[in-house]
Amino acid sequence: MSVYTQLTDDQFAAFCQRFGVSFARAIPITQGIKNSNWFIQTTDDVDGAHAYVFTLFEERPPEDIEKMAVILNQLDGKLPVAAPLALVELDADDNADTKKRYVIHYENKAITLVPCLAGAHPQETTPAMCHEIGAALAMLHETLQALQPAQDYGVPLYPWSEVRDREMQFMPGDEAKLMRDIWQAYSNLPLTDLPKGLCHLDMFADNTLWDLTKGQEKLTGLLDFTEVSVEHYVMDIAITINDFCTTWGDAEQGELVHFDRRKMAAFLEGYESKRALNRDEKRALPVMLAKAAVIFWLLRLNVIHYNRTEGRTGDNIMVKNPDLMKRLAAYHWAHVEKAQKTVFVLSNDKSDNQLIGIFSDITHAEQARATLSNRRDISIKEYTLDQLA
């Protein structure tokens with residue numbers, strides 16, 4: 001949430017007045033990369049506190065933000081979200097307008113004002129926090145199923161294939177191959193069989209707020225619903241896992257990328273406590289993790305391209321390193337490739353290791369063993385293809 005469009009105090013005061021808020025001061029928010037954001041102090045705030053967040057949406061058209069307001073109202077009361085304030089408008093007879101509106105239009109851009117939520121962005125996550133955000137994401141998916149048809153509320157998915165084609169022209173051969181291989185593996189998934197619905201698609205840790213009392217961390221806020229679109233639920237899961245379960249090293253640490261599979265297991269346990277994943281979703285998840293990292297690799301390259309072509313510069317402009325997502329994509333792809341070369345063999349330990357079945361993943365092997373009456377005698381062994389035992 002950088003600051004691209006500059007507003008005067010008089011403009012802030014006029015806009016806030018339309019929301020019924022008495023403006024005192026606007027404080028720029030520099031985290032994030034898409035919209036212009038400020039904390040708003042009101043004349044009633046004391047000791048430097050701020051009651052609201054003022055957002056000017058730089059790219060999304062106002063009609064998309066109006067859809068977002070409906071989505072937030074649907075979630076309000078079920079999850080910790082900040083629903084936009086309604087505009088205080090008067091009709092010709094000086095009566096309050098009975099039709100609620102939540103968006104101001106300014107130079108073909110949208111403005112909203114939302115209450116500040118308590119809490120802070122986590123600098124690191126724990127397995128317990130991953131479990132809680134998993135449950136929250138599942139609740140989000142379940143709750144938004146009430147908004148039908150879903151396409152009327154979600155915004156169009158960004159044409160990432162166009163960004164891919166532009167950026168691959170300038171990539172080293174190994175990077176281009178990585179992106180191409182992951183994209184092809186994604187295309188080979190049974191996409192038509194994967195459940196879809198309204199998804200957040202940007203549930204990074206810096207889009208959440210927490211009470212960070214050590215050992216008692218609690219989710220207090222879900223932020224940034226500008227990207228809500230109709231997408232496969234497992235893609236939304238992959239995007240969230242990629243950030244919550246990864247430790248991102250800073251420049252002094254060589255910007256290392258460490259993915260924690262223990263945290264991922266906690267996340268999935270939390271998610272499935274609210275919504276069970278089906279077999280196709282579980283099988284698709286490894287490729288989706290790689291594809292999700294590719295999407296955010298491209299997003300960061302696209303921000304750099306957009307800033308350059310638009311001449312956007314300044315201390316309030318933040319650019320995230322695309323190489324971090326490239327490294328995460330490579331990590332996930334290595335696991336996918338290993339899985340493609342691995343089989344799981346069921347054999348009977350009491351019958352001279354009699355071969356019973358060969359399976360492509362451990363889940364299917366365990367499910368098959370569970371159906372056998374003599375399963376206590378059945379072992380599962382992992383073998384790598386094209387390699388001597």
Would you confirm whether or not region 6-24 contains a residue that is assigned to a loop (DSSP other than H, G, I, E, B), outside the structural domain of GLN145 (by TED's automatic domain parsing) and within 23 Å of HIS121 (Cβ to Cβ)? no
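For region 353-368, name all the residues that are more than 18 Å from ARG283 (Cβ to Cβ) and either touching a helix residue (DSSP H, G or I) at 6+ places or on another chain (Cβ under 6 Å) or surrounded by 15 or more Cβ atoms within 10 Å (Cβ to Cβ) (or both).
Initially, region 353-368 is screened for residues more than 18 Å from ARG283 (Cβ to Cβ), giving 353-356.
Answer for region 353-368, where residues must be more than 18 Å from ARG283 (Cβ to Cβ) and either touching a helix residue (DSSP H, G or I) at 6+ places or on another chain (Cβ under 6 Å) or surrounded by 15 or more Cβ atoms within 10 Å (Cβ to Cβ) (or both): just ILE356.
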Quick check on this structure: which one of LEU268, LEU178 is part of a helix (DSSP H, G or I), modelled with pLDDT of 95 or more and either touching a His at 6+ places or on another chain (Cβ under 6 Å) or over 26 Å from TYR306 (Cβ atoms) (or both)? LEU268
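Criterion first (closer than 30 Å to HIS258 by Cα, of a type in the set (A, V, I, L, M) and not assigned by TED's automatic domain parsing to the domain that holds GLY249) does ALA329 satisfy it? Give the derivation first.
Working: closer than 30 Å to HIS258 by Cα: yes; of a type in the set (A, V, I, L, M): yes; not assigned by TED's automatic domain parsing to the domain that holds GLY249: no.
It is false that ALA329 is closer than 30 Å to HIS258 by Cα, of a type in the set (A, V, I, L, M) and not assigned by TED's automatic domain parsing to the domain that holds GLY249.
Could you list all residues from region 31-85 that are assigned to a loop (DSSP other than H, G, I, E, B) and surrounded by fewer than 15 Cβ atoms within 10 Å (Cβ to Cβ)?
Taking region 31-85 as the starting set, the residues that turn out to be assigned to a loop (DSSP other than H, G, I, E, B) are 31-35, 43-51, 58-61, 77-78, 80, 82-85.
Hits for region 31-85 are GLN31, THR43, ASP44, VAL46, ASP47, GLY48, ALA49, GLU59, PRO61, GLY77, LYS78.
For region 203-262, which strands (runs of 3 or more DSSP E) that fit wholly inside it have 1 or more residues that are assigned by TED's automatic domain parsing to the domain that holds GLN148 and touching a His at 6+ places or on another chain (Cβ under 7 Å)?
Details: elements: 208-211, 218-222, 229-232, 246-248, 257-259.
Where strands (runs of 3 or more DSSP E) fall fully within region 203-262 and carry at least 1 residues being assigned by TED's automatic domain parsing to the domain that holds GLN148 and touching a His at 6+ places or on another chain (Cβ under 7 Å), they are 208-211, 246-248.
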Checking GLU231 against (1) touching a Cys at 6+ places or on another chain (Cβ under 9 Å); (2) more than 24 Å from ARG60 (Cβ to Cβ), which test does it fail? (2)
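I'd like to check something: does region 119-127 contain any residue that is more than 25 Å from PHE296 (Cα to Cα) and of a type outside the set (Ser, Thr, Tyr)? First the steps, then the outcome.
Residues of region 119-127 that are more than 25 Å from PHE296 (Cα to Cα), as a first pass: 119.
Right, trim to of a type outside the set (Ser, Thr, Tyr) and you get 119.
Scanning region 119-127, I find at least one residue that is more than 25 Å from PHE296 (Cα to Cα) and of a type outside the set (Ser, Thr, Tyr), so the answer is yes.
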Region 102-151: number of residues that are touching a residue at least 24 places away in the same chain (Cβ under 8 Å) and more than 30 Å from LEU7 (Cα to Cα): 26
Read through the list (1) crowded, with 17+ Cβ neighbours inside 10 Å; (2) modelled with pLDDT of 95 or more; (3) farther than 27 Å from PRO80 by Cβ, then give the number of the only condition that ALA138 fails. (3)
Looking across region 232-289 at residues that are within 17 Å of ALA330 (Cβ to Cβ) and among the hydroxyl-bearing types (Ser, Thr, Tyr), the single one that is surrounded by the most Cβ atoms within 10 Å (Cβ to Cβ) is THR246
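The values are calculated or read from the model by the stated rules, or taken from the named source; none is laboratory data. Note that the structure is predicted; figures quoted are calculated from it, not measured. With ideal geometry, Cβ positions are generated from the backbone for all residues, glycine too; neighbour counts draw on all protein chains shown.
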